[in-house]
Structure formats: structure tokens, C-alpha cells
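Asks: First the structure, which I've put down as C-alpha cells, then a few questions once you've had a look.
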Amino acid sequence: MTFRDLNLSTQLINALDDLGFETPTPIQEQAFSTVMSGKDVVGIAQTGTGKTYAYMLPILRMLKYSVQQNPRVLVLVPTRELVVQVVDEIEKLSTYLNIRITGVFGGTNINTQKQAVSEGLDIVVATPGRLYDLAVSRALQLKSIQKIVIDEVDVMLDLGFRHQLMNIFDILPQQRQNIMFSATMTDEVDQMITEIFTNPKRISVAKSGT
Ligand code: ADP
Ligand code: MG
């Protein structure tokens with residue numbers, strides 16, 4: 001199968017052409033219709049298998065264009081390096097879409113980030129601590145969030161972000177799609193899924209060579 005066999009928009013196909021990507025990876029192929037369904041999704045696949053586009057392709061397919069001030073999609077990642085990387089990947093994919101993406105992370109001036117989010121955005125990519133600080137200071141409104149992605153959730157829980165993640169879930173709208181991606185399935189990950197998710201669809205790609 002190629003990306004043309006997925007129900008993608010011309011804008012996304014053109015962006016993938018520019019990147020030179022023709023074929024979805026197995027996790028991208030499996031995740032597409034599952035994420036599009038709007039149900040909660042748990043995706044497990046090892047590092048380097050294309051998980052960012054596995055969740056971003058269906059999300060961008062649904063988002064299409066900017067409609068309002070407040071973000072509709074929240075992507076949480078464990079580190080500032082990953083915020084920068086994921087923002088960069090989403091920007092490449094949304095070259096032909098009118099979508100605003102902002103990355104926020106700790107260890108840097110919060111006022112600059114408050115200014116950035118005040119200009120309006122569709123997707124916010126964040127580390128948990130800074131996201132929470134921006135939300136409680138009312139610089140960032142989370143009331144329009146329809147989809148939350150927790151990427152590298154295994155790493156996030158290893159780094160001790162559990163409490164901060166739970167605080168964020170508490171201030172998000174009840175009506176939303178929860179999406180989680182991880183390289184490994186640990187007991188802690190499983191526990192969080194049980195607490196937060198509603199009948200999640202699980203997709204996983206076996207490690208090659210096993
Ligand atoms: P993971 O999150 O699973 O570790 P990434 O999403 O970071 O993997 O993707 C790993 C690399 O593969 C990135 O450089 C990405 O641009 C590239 N990539 C993603 N999807 C494809 C594809 N369908 N074809 C070729 N390369 C891809
Ligand atoms: Mg990744």
C-alpha cells in the first residue's frame with residue numbers, strides 16, 4: 001500500500017511527496033483509520049518506526065484549517081528536544097495546510113511563550129510542566145482541546161511525570177479523544193490507560209526479528 005491508498009487530502013499527499021515518503025510504515029498504516037474513528041487509541045511500536053506521523057496524519061486530515069484562537073489538539077512529549085523535533089515534523093507535514101503549531105517547554109522564558117500562544121494556535125506541542133503552568137495562569141485555554149496525544153508515555157512515566165499528566169487530564173474537557181504512543185508497554189503505562197481511557201483500541205507492531 002502507498003499513502004495514496006489512505007484517505008488523505010491532496011495537501012497531505014503533496015507534503016509527503018516533498019519529503020519523499022511513498023509508503024506508510026506498518027504503525028502508520030494501522031493507526032490511520034483507528035485514530036480517524038475518534039476512539040481512544042493506544043499504539044505500541046519501537047523507536048524509529050514513524051510514530052509521529054502515525055498520529056499526525058489522521059489528526060491533520062481531520063483538522064484541515066484554522067478556525068479559532070484556542071488549540072484543538074494537544075501533543076505532550078517528555079523533553080524539550082522532542083518538542084522541537086515534533087513541531088518540525090508537523091510543520092513539514094502541514095506545508096500546504098493553514099494550521100498554526102506552537103511548541104512550549106520549560107527552562108526558558110515563559111513570557112515569550114505566553115506571547116506566542118496569545119497569537120492563536122491549532123496544535124500545541126508541550127512538555128507537561130510548562131503546559132500546566134501556561135494553563136493555570138490562563139495564558140493558554142484548553143477548553144477547545146478535542147484530542148490529546150501523549151507521545152513516549154513510557155519515557156514520561158519513567159521520568160516521573162505521572163502526577164503532572166494526571167493534573168493535566170483533570171483540566172481538559174471530558175469529551176475528547178485520548179491517544180497514547182509508546183515504544184514499550186509497562187505496568188505503569190497500562191495503569192494509566194485503565195484510569196484515563198475509554199475502551200481503547202490497541203494497535204501494536206511487533207519488533208522486527210521476533
Ligand atoms: P518514532 O517516533 O517511532 O521513533 P519517528 O516518527 O521519529 O519514529 O520517525 C523516524 C524517522 O522516520 C523520521 O526521520 C521520519 O521523518 C521518518 N519517517 C516517518 N514516516 C516515514 C515513511 N512513511 N517513510 C519514510 N520515512 C519515514
Ligand atoms: Mg517518537
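Asks: Determine the calculated [θ] at 222 nm for the chain from helices alone, applying -39500 (n - 2.57) to every DSSP H run no shorter than 4 residues and normalising by the residue count; nearest 500 deg cm²/dmol. Write out the running numbers ahead of the final one.
Replies: On the way: 9 runs with 92 residues, N = 210.
Using -39500 (n - 2.57) per qualifying helix, the result is -13000 deg cm²/dmol.
Asks: Right, here's the next one. When the dipole is taken about the Cα centre of segment 70-210, and only Lys, Arg (+1) and Asp, Glu (-1) are charged at their Cβ, what size is it in debye, to the nearest 20?
Replies: Working: 14 positive and 16 negative charges, 101 e Å.
Charge dipole, segment 70-210, about its Cα centre: 480 debye, nearest 20.
Asks: Toward the positive end of the charge dipole of segment 1-121, about the Cα centre and with charges on Cβ (Lys, Arg +1; Asp, Glu -1), which of L19, Q30, T108 goes farthest?
Replies: Value computed over the given set: T108.
Asks: While we're here: Over the chain, average the accessible area per residue using a 1.4 Å probe and give it in Å², no decimals. Mind showing how you got there, number by number?
Replies: Details: 9880 Å² over 210 residues.
That works out to 47 Å² for each residue.
Asks: Follow-up. How long are the semi-axes of the equivalent ellipsoid of segment 135-210, defined as square roots of 5 times the Cα gyration tensor eigenvalues? Whole Å, largest first.
Replies: Numbers: eigenvalues 127, 41, 24 Å².
Its equivalent ellipsoid spans semi-axes of 25, 14, 11 Å.
Asks: D187 to S33: extension gain in nm, 0.36 nm per residue of separation minus the Cα-Cα distance? Walk me through the intermediate numbers first.
Replies: Working: separation 154, 0.36 × 154 = 55.44 nm, distance 2.68 nm.
Value of the extension gain: 52.8 nm.
Asks: Picking from V87, L159, N98, whose Cα lies most toward the positive end of the charge dipole for the chain (charges on Cβ: Lys, Arg +1; Asp, Glu -1)?
Replies: Towards the positive end, the residue furthest out is N98.
Asks: Let me ask another. Hey, can you grab everything whose amide H is under 5 Å from the amide H of G103? Only 5+ residues off in sequence or another chain; H modelled, so Pro and N-termini drop out.
Replies: Close amide H contacts, sequence-distant or interchain: V125.
Asks: What distance in nm separates the two pseudo spin-label positions at N111 and V84, each 7 Å out from Cα along the beta-carbon direction?
Replies: Output for this residue pair reads 2.4 nm.
Asks: Between K143 and Q175, what is the label-to-label distance in nm when each label sits 7 Å out along the Cα-to-Cβ direction?
Replies: Inter-label distance under the simple model: 1.4 nm.
Asks: Would you calculate the separation in nanometres between label points at N7 and Q69, each defined as 7 Å from the Cα along the Cα-to-beta-carbon direction?
Replies: It is 3.4 nm.
Asks: Over segment 84-210, what is the relative contact order in percent, taking alpha-carbon pairs closer than 8 angstrom and at least six residues apart?
Replies: Details: 114 pairs, mean separation 25.6, N = 127.
Over segment 84-210, the number comes to 20 percent.
Asks: As a test of understanding, state the convex hull volume per residue of the chain from its alpha carbons, in Å³. Display every interim value, and only then the final one.
Replies: Details: hull volume 25.0 nm³, N = 210.
Given the Cα convex hull of the chain, per-residue volume reads 119 Å³.
Asks: Here is a follow-up. Going by the alpha-carbon gyration tensor, a ≥ b ≥ c the square roots of its eigenvalues, is segment 1-104 rounded (a/c under 1.5) or, if a/c is not under 1.5, prolate (a/b greater than b/c) versus oblate?
Replies: Numbers: a/c = 1.33, a/b = 1.13, b/c = 1.17.
Taking the square roots of the gyration eigenvalues as a ≥ b ≥ c, segment 1-104 is rounded.
Asks: Within the chain, what whole-number % of the accessible surface is contributed by carbon and sulfur, with the 1.4 Å probe and all protein chains included in the calculation? Write out the running numbers ahead of the final one.
Replies: Numbers: 4470 of 9880 Å².
So the carbon and sulfur contribution to the accessible surface is 45 percent.
The values are calculated or read from the model by the stated rules, or taken from the named source; none is laboratory data. Treat the numbers as computed from the prediction; the structure is a model and nothing was measured. With ideal geometry, Cβ positions are generated from the backbone for all residues, glycine too; neighbour counts draw on all protein chains shown. Each accessible area value is taken on the protein alone, full model and side chains, heavy atoms only, with ligands, DNA and RNA left out. Shrake-Rupley method; radii C 1.70, N 1.55, O 1.52, S 1.80 Å.
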